[in-house]
Amino acid sequence: MQQVSEAYKKDIDLSKAESDGIAKFLLEINERWKNVSVELRCIQSLLEEVIAYWKKFLDLTGQFEAWLDRSFPMVKLPEEEKMNYFQDLGEWKERHDEMEETGNFLAATCRPEVAQEIREKLFFINKKWEDLFQYVQQYLHQGQIIRTKNDYCSGQDRLEQWIQNAETLLSTTNVCTVEAIREYGEKLKKLNTEIDDMELLFKTISKAFQSLVQDLTPDEIERMMWSLKQEKEELVRCRAVIPQKMYLTTQIITQLEAVESGIIEINQWLDEGEALLNSFIVHGTNESMQQQHNKQKV
């Protein structure tokens with residue numbers, strides 16, 4: 001359109017008013033084009049976000065409704081079984097809050113009739129949640145404690161197993177061959193790549209312990225602190241010893257390869273020498289036999 005307008009103004013003798021009118025029209029169209037193109041780009045990202053929220057909302061509501069249906073009968077369980085079942089109540093509360101936030105976003109961006117359906121669905125789910133929560137809210141804190149203890153114990157077991165394997169590897173006596181030492185060096189390298197993860201695991205375990213302190217007995221606190229102290233010392237020792245062992249392994253491999261190379265070279269030299277000596281012996285024997293034969297002829 002701009003090209004046609006420029007050609008039109010060149011080919012036809014226009015008055016100033018007509019020329020100004022065309023220029024004004026093009027300017028207005030240009031501004032409108034910029035605004036519309038920006039809005040189109042923005043609405044695309046917004047629609048993609050709305051689609052993502054719809055998927056999230058449908059997934060969360062489906063999970064939450066199914067959990068509510070399973071959980072109502074559990075209220076009648078014995079106390080210990082009930083506490084064990086509702087130990088993840090805090091996680092479901094977080095999912096409930098996330099579901100409500102997602103639904104409110106969709107209600108604000110959809111057509112009124114769709115928004116009303118979303119609000120009604122949230123209302124009925126919230127009603128069932130409140131009916132259940134009044135019977136199990138006391139397990140919110142207790143369930144968190146149980147989960148934290150489980151996380152602490154599983155992390156502790158994993159860290160102790162790694163430390164035990166590391167100590168076994170670092171104290172291993174190897175056969176003094178290039179293959180055996182090289183294999184040992186590869187195991188050390190693998191161990192060295194894992195130590196950062198183990199230190200991060202130790203920090204996670206320490207945070208879990210700190211969050212449990214208020215709910216532990218003095219004996220439990222003392223025992224867990226002693227265990228953490230021992231593990232920290234072992235990690236520090238492994239951090240220092242593993243690189244030393246890797247360096248020593250590299251030096252030993254270099255020396256063993258030099259020795260093996262020297263042995264091969266010596267064996268080659270001995271083989272050549274034996275072959276040369278054998279050729280002298282055979283030659284000398286042939287000459288002696290020839291001389292004896294000549295004497296017999298005479």
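When residues in region 170-186 are screened for being surrounded by fewer than 15 Cβ atoms within 10 Å (Cβ to Cβ) and in a helix (DSSP H, G or I), 4 of them pass. Helices (runs of 4 or more DSSP H) fully within region 1-105 that include at least 2 residues being open to solvent by 70 Å² or more (accessible area, probe 1.4 Å) and more than 26 Å from F133 (Cβ to Cβ): 2-11, 16-74. Counting only residues that are open to solvent by less than 100 Å² (accessible area, probe 1.4 Å) and either within 19 Å of the chain's Cα centre (by Cα) or under 14 Å from I242 (Cα atoms) (or both), region 154-164 holds 5 of them.
Conditions (1) modelled with pLDDT of 80 or more; (2) closer than 30 Å to Q142 by Cα, marked per residue:
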{"site": "S206", "(1), (2)": "yes, yes"}
{"site": "Q251", "(1), (2)": "yes, no"}
{"site": "E257", "(1), (2)": "no, no"}
{"site": "E265", "(1), (2)": "yes, no"}
{"site": "L270", "(1), (2)": "yes, no"}
{"site": "T285", "(1), (2)": "no, no"}
{"site": "M289", "(1), (2)": "no, no"}
{"site": "H293", "(1), (2)": "no, no"}
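Of all the listed residues (E167, E220), the sole one being out of contact with any Gly (no Cβ under 6 Å at 6 or more places or on another chain), surrounded by fewer than 15 Cβ atoms within 10 Å (Cβ to Cβ) and closer than 27 Å to Q87 by Cβ is E220.
Pairs are defined by a Cβ separation below 8 Å, a sequence spacing of at least 6 or placement on different chains, a first member in region 229-249 that is in contact (Cβ under 8 Å) with a residue 60 or more places away in the chain and on the phi < 0 side of the Ramachandran plot, and a second member that is among the acidic types (D, E) and open to solvent by 50 Å² or more (accessible area, probe 1.4 Å); the pairs so defined are E231/E160; E234/E167; L235/E199. Within region 106-126, being free of Cβ contacts under 8 Å to residues at least 40 places away in the same chain, over 26 Å from Q44 (Cβ atoms) and open to solvent by less than 100 Å² (accessible area, probe 1.4 Å) holds for Q116, E120, L122, N126. Report whether or not V213 is β-branched (V, I, T), open to solvent by 30 Å² or more (accessible area, probe 1.4 Å) and on the phi < 0 side of the Ramachandran plot. Yes. Somewhere in region 177-195, is a residue closer than 25 Å to N150 by Cβ, touching a residue at least 12 places away in the same chain (Cβ under 8 Å) and among the polar types (S, T, N, Q)? No, that holds for no residue. Screening T168, T217 for residues that are within 27 Å of L256 (Cα to Cα), modelled with pLDDT under 90 and of a type outside the set (D, E) leaves exactly one candidate, T168.
The values are calculated or read from the model by the stated rules, or taken from the named source; none is laboratory data. Quick caveat, the model's predicted, so the values are computed rather than measured. A quick note on method: Cβ atoms are made from the backbone with ideal geometry, for glycine too, and the neighbour counts reach across all protein chains shown. Heads up: the accessible areas ignore ligands, DNA and RNA and are worked out on the full protein's heavy atoms, side chains in. Shrake-Rupley method; radii C 1.70, N 1.55, O 1.52, S 1.80 Å.
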